[in-house]
Amino acid sequence: MLPSASLHDATVVLDDRPVVRGVSVEIGPGLTIARGPNGAGKTTLLRAIAGLIPLARGSRQVSGGILYIGHRPMLLRGLSARQNLRFISAFRGRTDADVVRALEHWGVGAVMDRPIERISAGQRRRAALARIDTEPEPVVLLDEPFADLDRDGVELVRDAIARAVREQRAVVLVTHLHEELDRDAARRLVLADGRVSLA
Amino acid sequence: MRALDRALLVARRELDAERRQPDGVAAALTFAGLVVLLESLALGPGRAHDPDVASAVFWIAILFAAVLLVSRSFDRELEDDAIDAIVALEGGRDALYAGKVLALAAVIAIVALAAGAFSIVLLDLDVRLAAHLVLVAILGVVALPPVVVLVSLIALRVRARVVIVPILAFPLLAPQLLAATAGTSAALSGDASAALGWTGLLASFALVYGVLGLTIVPAAIE
C-alpha cells in the first residue's frame, strides 16, 4: 500500500482563533512543498497531519507510520543525540536502527555522546534530521528543516529528501527557502490565512 | 512493542535525563531537608518530636518536593519540544504518562528516603514499627505521581503552570496526605492495625488515579 496522509475539511482552533480553516489535502508518495507567509498556518497544518493537535472539525486519515520533525529539534536535554535517537527507535520497535552510522552521516558523530544542550543549534538540527535515516516511516513531515544549517547541512537535507522520494515515501516540506526545490515537487501547496490552495 | 515496555522505555529516558541533569533532585532534596530543619527550629525539640507533627511536616515536604520534581521534568520536555517526539508516536501518550509516573515514583522515593532518615536523626524519632513505616512510606510515595503527573499534563501548555499545578493537585491529594500522615504517625507510635488500615487507602488511591490518568491522558495532551 502506498503511503498517504490526508485532512478532510479540517479546522484547527488555537487560542479561540481558527488557524487552519476547512482545509482538505491529500499527501501521497513524492515531495509535497507547503509555502506561505508567516502566520499562514503551515506549522499548524503539519502538526494536524501528524496528529499532534486536535481538529475542531473535519477528519484525518493516515496509512503507514508518520515521522514528524518540527522546527525545533524535539530532543530531550540532559541526554545525548545518540541516547535520544536510540530511545525513539526503540520505542518504534526498531532495535536494529543504526543510530551511530546515521549521526556520523549527518556530521555529528564526534559530538553524539555530548548532552544536546552542549552542542550547537546546527548540530542539534542535524541530529534531529538523522531520524530520517533511523526511522524509515512512509510519511515524513519536515518543518523548516534548513533552519540553523550551514551549506553542507543544507545539501544533506536535500540528499535525504531525494533519497526518501526515491524510496516512495511521502515527504511534506514546509519551508520559506530553496524555491528551486519546487520543480522536483509532486504537489505544491500555498497557505494563506489558514486556507490551502494548489500552486 | 507492549505498552509496559514503552512505559519502561520512557521511565528509563526520564531517569537518564535526571541523572545527567540532577537539578530537580537537588532542589527537591534541599527543599525537603530545609522544611524538616525549620520545623525543628520553629516548634522546638519537644513538639517537633511528636509523631503527628513530624509525620505531617514530612509528607507536606514530600508533596511540595514532588511538585518541584514534576515541574522540572516537564520544563525539560517543553524545551526544544522534546515531548512532541513521544506524543507523535503511536501509543506515545499513554507511555509518556505511565513512564513519568514510574520514574518520578523512583525519584520521589529517593527524596523521601533521604528526608525520612534526616527527620528520624534530627528529630530523634522513636520508630516502633519499622516495617510498617516502610510500607506506609512506599505506598505514600507511589500514590503521589499519578495525580501530579496527570495534572501537569492537563496544564502542560498553560502559561501559569507552576501556580496551576499545585492549586489543582493539592485538593486531589488531600486523601493521600491524610492517609500517609496518619499511617506514618501510627507506625511511629506502634499502632499496627491503624498503620495497615491507612496503607489500604493509599493503595486504592494510587490505583484509582493511575487508571484515571491512563484513561484521560490520551485525550488531554495537546
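Of everything in the stretch A:161-199 that's closer than 30 Å to residue A:13 by Cβ and among the polar types (S, T, N, Q), which residue is surrounded by the most Cβ atoms within 10 Å (Cβ to Cβ)? Checking each candidate, the answer is A:175. Restricted to the stretch A:17-54, and to residues there that are closer than 14 Å to residue A:71 by Cβ and basic (Lys, Arg), the residue that is farthest from the chain's Cα centre (by Cα) is A:42. When residue A:37 is tested against (1) more than 14 Å from chain B (Cβ to nearest Cβ); (2) within 23 Å of residue A:154 (Cβ to Cβ); (3) in contact with a helix residue (DSSP H, G or I) (Cβ under 9 Å, 6 or more places away or on another chain); (4) of a type outside the set (S, T, N, Q), just one condition goes unmet, and that condition is (3).
Within the stretch B:119-142, the set of residues being more than 18 Å from the chain's Cα centre (by Cα) and in contact (Cβ under 8 Å) with a residue 60 or more places away in the chain comprises B:122, B:123, B:124, B:125, B:126, B:127, B:128, B:129, B:132.
When residue A:176 is tested against the conditions (1) of a type outside the set (A, V, I, L, M, F, W, C); (2) in a loop (DSSP other than H, G, I, E, B); (3) within 17 Å of residue A:33 (Cα to Cα); (4) without any contact (Cβ under 8 Å) to a residue 40 or more places away in the chain, the lone failure is (4). Of all residues in the stretch B:1-30, those satisfying the criterion of being surrounded by fewer than 22 Cβ atoms within 10 Å (Cβ to Cβ), closer than 30 Å to residue B:85 by Cβ and away from chain A (no Cβ under 14 Å) are B:27, B:29. Checking the structure you have, find out if any residue of the stretch B:35-47 is at positive phi, within 14 Å of chain A (Cβ to nearest Cβ) and assigned to a helix (DSSP H, G or I). No, every residue in the stretch B:35-47 fails to be at positive phi, within 14 Å of chain A (Cβ to nearest Cβ) and assigned to a helix (DSSP H, G or I). Answer with yes or no whether residue B:90 is part of a loop (DSSP other than H, G, I, E, B), acidic (Asp, Glu) and under 30 Å from residue A:44 (Cβ atoms). In short, yes.
Kindly establish whether residue A:19 is within 14 Å of chain B (Cβ to nearest Cβ) and touching a residue at least 12 places away in the same chain (Cβ under 8 Å).
yes
Which number in (1) closer than 26 Å to residue A:93 by Cβ; (2) at pLDDT 95 or above marks the one condition that residue B:94 misses? Just one mismatch for residue B:94, condition (2). Checked against the criterion of being within 8 Å of chain A (Cβ to nearest Cβ) and assigned to a helix (DSSP H, G or I), the stretch B:110-118 contains not a single residue that satisfies it. Got at least one residue in the stretch B:197-207 being without any contact (Cβ under 8 Å) to a residue 12 or more places away in the chain, surrounded by fewer than 22 Cβ atoms within 10 Å (Cβ to Cβ) and not in a helix (DSSP H, G or I)? Among the residues of the stretch B:197-207, not one is without any contact (Cβ under 8 Å) to a residue 12 or more places away in the chain, surrounded by fewer than 22 Cβ atoms within 10 Å (Cβ to Cβ) and not in a helix (DSSP H, G or I), which makes the answer no. May I ask you to list the residues in the stretch A:143-160 that are crowded, with 19+ Cβ neighbours inside 10 Å and within 13 Å of chain B (Cβ to nearest Cβ)? If the condition is that a residue be crowded, with 19+ Cβ neighbours inside 10 Å and within 13 Å of chain B (Cβ to nearest Cβ), then A:143, A:144 are the ones that fit. Residue B:212 satisfies every condition listed in (1) more than 14 Å from chain A (Cβ to nearest Cβ); (2) within 27 Å of residue B:38 (Cα to Cα); (3) part of a helix (DSSP H, G or I) except (2).
Whether a residue is touching a residue at least 24 places away in the same chain (Cβ under 8 Å) and within 10 Å of chain B (Cβ to nearest Cβ) was assessed, and residue A:114 does not pass this test.
With the condition kept exactly as written, say whether any residue in the stretch B:148-171 is surrounded by fewer than 16 Cβ atoms within 10 Å (Cβ to Cβ) and closer than 20 Å to residue B:199 by Cβ. There is no residue in the stretch B:148-171 that is surrounded by fewer than 16 Cβ atoms within 10 Å (Cβ to Cβ) and closer than 20 Å to residue B:199 by Cβ. Out of the residues in the stretch A:62-95 meeting the condition of being touching a residue at least 12 places away in the same chain (Cβ under 8 Å) and of a type in the set (Ser, Thr, Tyr), tell me which one is farthest from the other protein chains (Cβ to nearest Cβ). Here the residue is A:63.
Only one of the numbered conditions (1) touching a Ser or Thr at 6+ places or on another chain (Cβ under 6 Å); (2) within 30 Å of residue A:44 (Cβ to Cβ) is not met by residue B:96, and that is (1).
The values are calculated or read from the model by the stated rules, or taken from the named source; none is laboratory data. Model, not experiment: these values are computed from the prediction. Don't worry about glycine lacking a Cβ; one is built from the backbone with ideal geometry, like all the others, and counts go over all protein chains shown.
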